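Encoded as structure tokens, the structure appears first; notes follow it.
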Amino acid sequence: MSGDSSARYDSVKRGAGTLLTGALSALVVMVVILGLMWGVEVVDYVLGGTLDRQFGIVGWEPDGLAGIVFAPFLHVGFGHLMANSLPLLVLGFLAAVRGLGRFFAASALIIVIGGLGTWLTSPEIITVGASGLVFGYFGYVVCRGLFDRRPLDIVIGVGVAIAYYSILWGLLPNQQGISWQGHLFGLIGGVVAAWVLRRKRPAALPS
């Protein structure tokens, strides 16, 4: 094997190893997050739903601002949590596979932007649920490839857009009991996160 071929082989091998490590780390993190959500829902069920009322986002209420942090981990019953679990696992995994540092930074931006937007546009309404994160990870994964211009991320983004485009119906404000505001601002948070956390390119120098 020539020196150039050996170097390319080693580079591909290292890349595959890095991707595998990232995939395992992403899977573990998402399983832990979902396990935490299910544990919280069990406690909330035992307490008769009091956690939702105490720690959800309450629009226009100063005390309700604390819900920006806690609301994504609360749900209105196990059915609500089950509906969010699979898309959260898949989209969160794809968001995290490129690195946990960027994933946690993206999650923080999605939670803050999505929660604050919901608080501003949902007067006196209690909002809970991880669907804002689902929409945020959707926007983040789809736009990450566009902003980073990495071929693999572009392919993943296109695949996610094709597989999950139907969730965009959740942005329409005509569904009783559904927080389209949380969906919309979660999506915006994901797009913003993809832009803020994009891979920086070196500036071109004039010749």
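Ordering LEU184, HIS80, VAL40 by the projection of their Cα atoms onto the charge dipole of region 8-196, which places +1 on the Cβ of Lys and Arg and -1 on the Cβ of Asp and Glu, puts LEU184 at the extreme positive end. Sorting the Cα pairs of region 8-196 by distance into bins of 5 Å, from 0 upward, gives 1, 9, 16, 20, 20, 15, 9, 5, 3, 1, 1, 0 percent per bin.
Packing-based ranking of 38-45, 183-190, 161-168 yields 183-190, 38-45, 161-168, ordered from highest to lowest mean Cβ neighbour count within 10 Å.
Relative to the Cα centre, the charge distribution of region 8-196, modelled as +1 at Lys and Arg Cβ and -1 at Asp and Glu Cβ, gives a dipole magnitude of about 940 debye.
Structural size metrics of region 89-207, computed from C-alpha coordinates, are Rg and Dmax of 15.3, 60 Å. Please work out, to two decimal places, the log10 of the ratio I(q)/I(0) at q = 0.22, 0.27 Å⁻¹ from a Debye calculation in which every Cα of region 130-196 carries one identical scatterer. These q points yield log10 I(q)/I(0) values of -0.84, -1.10.
Each peptide in 133-143, 27-37 gets a packing score, the mean of other Cβ atoms within 10 Å over its residues, and the list from highest to lowest is 133-143, 27-37. Helix 180-196 and the longest principal axis of the Cα set of the chain meet at an angle near 30°.
Determine the sum of side-chain charges near LEU51: Lys and Arg each +1, Asp and Glu each -1, restricted to other residues whose C-beta is under 10 angstrom from that of LEU51. Once all neighbours under 10 Å are counted, the net charge is -2.
Taken together, the values in this text are just the output of simple stated rules run on the coordinates, not laboratory data. Predicted model only: the values in this text are computed from it and were never measured. Every residue, glycine among them, receives a Cβ derived from its backbone with ideal geometry; neighbour counts consider all protein chains shown.
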